[in-house]
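Trainee: Handing you a structure now.
Any read-out appearing in this document is the output of simple, stated calculations on the displayed coordinates, not a laboratory observation. All values reported here derive from a predicted model rather than from experimental measurement. Here the Cβ is made from the backbone with ideal geometry for all residues, glycine too, and neighbour counts use every protein chain on show.
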Amino acid sequence: MSKDLITLPHDGLRERSKRVGYVDETVKKLIADMEKATLEWEASREHEVGVALAAVQINVHKRVVIIRNNFDNKADKTFQVFINPEIVKYDGEIKEEFEGCLSVKDVYGKVPRYNRVKVKAKDLQGKDVRITAEGFLARVFQHEIDHTNGIVFVDRIKDNPESFYRLSKSGKIEELADEQREEIFSILW
Ligand SMILES: [Zn+2]
């Protein structure tokens, strides 16, 4: 586990991040730190892929998100950077699928998300970019942009205890016994 990553119940994860004015050396260093933290985490996790990260997850409250260019190939360690990302349109149906988070160890949840979103952001050169994302990528954007607003995926399903699951040592997503759920909830909130 990278020493830079913060995990619940760290308060920093529930703080809103601030907009980035322009991309200076500090922001470039931040992005490098985020990529390193994600890849170090991935190297320490046998059954998971580090798909994306928001700066808040290394306790820096700037609206910066990185998303892996290739979700299916761990050997591709490149990321795309989104500065001040925001969702400008939600579209399509709402679907419940499994989600995990580098900041919530071993806990998975079935989280309802829109199947399609339009995202506005700036790239590393400060240029406006607009993306229409569908399916898993749409889910990733909603998860990461939530992070920039101090929301962790577990907060979205807090009222649905049956939506919580656990990653077993062998890499399977398992249902929780009541006492496991109680223990997990006591850590998350
Ligand atoms: Zn996350």
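Trainee: What net charge do the residues around residue 180 carry, taking every other residue with its C-beta under 10 Å from that of residue 180, with Lys and Arg at +1 and Asp and Glu at -1?
Mentor: Its environment carries a net charge of -4.
Trainee: Once the Cα atoms of helix 178-188 and of the chain are each reduced to a long axis, what angle between those two axes, in degrees from 0 to 90 to the nearest 10, is obtained?
Mentor: Rounded to the nearest ten degrees, it is 30.
Trainee: Right, something else. Step through the residues of the stretch 75-81 one at a time and calculate ³J(HN,Hα) from phi using the Karplus curve (6.51 cos²θ - 1.76 cosθ + 1.60, θ = phi - 60°), rounding each to whole Hz and writing x for Gly and Pro.
Mentor: Values per residue, Gly and Pro as x: 6, 7, 9, 9, 10, 9, 9 Hz.
Trainee: If r is the Cβ-Cβ distance from residue 70 to residue 185 and R0 is 45 Å, what FRET efficiency results, to the nearest 0.05?
Mentor: According to the calculation, E is roughly 0.85.
Trainee: Taking θ as phi - 60°, what are the ³J(HN,Hα) couplings along the stretch 112-129 by the Karplus curve (6.51, -1.76, 1.60), each to the nearest whole Hz, with x for Gly and Pro?
Mentor: Once rounded to whole Hz, the list reads x, 9, 5, 7, 9, 9, 9, 10, 10, 7, 10, 8, 4, 8, x, 7, 5, 10.
Trainee: Karplus couplings for the stretch 52-67 from phi (6.51 cos²θ - 1.76 cosθ + 1.60, θ = phi - 60°), rounded to Hz, Gly and Pro as x?
Mentor: Computed from phi, the couplings for the stretch 52-67 are 6, 8, 10, 4, 4, 6, 10, 6, 10, 8, 10, 7, 10, 10, 10, 10 Hz.
Trainee: Hey, if you drop one equal point scatterer on each alpha-carbon of the chain and run the Debye formula without solvent, what base-10 log of I(q)/I(0) do you get at q = 0.12, 0.13 Å⁻¹?
Mentor: -0.56, -0.66
Trainee: Round to the nearest 10 and give me the degree value, 0 to 90, for the angle of helix 135-148's Cα axis relative to the longest principal axis of the chain.
Mentor: Around 80 degrees separate the two axes.
Trainee: Among residues other than residue 110 whose Cβ falls under 12 Å from its Cβ, what is the net charge (Lys/Arg +1, Asp/Glu -1)?
Mentor: Its environment carries a net charge of -1.
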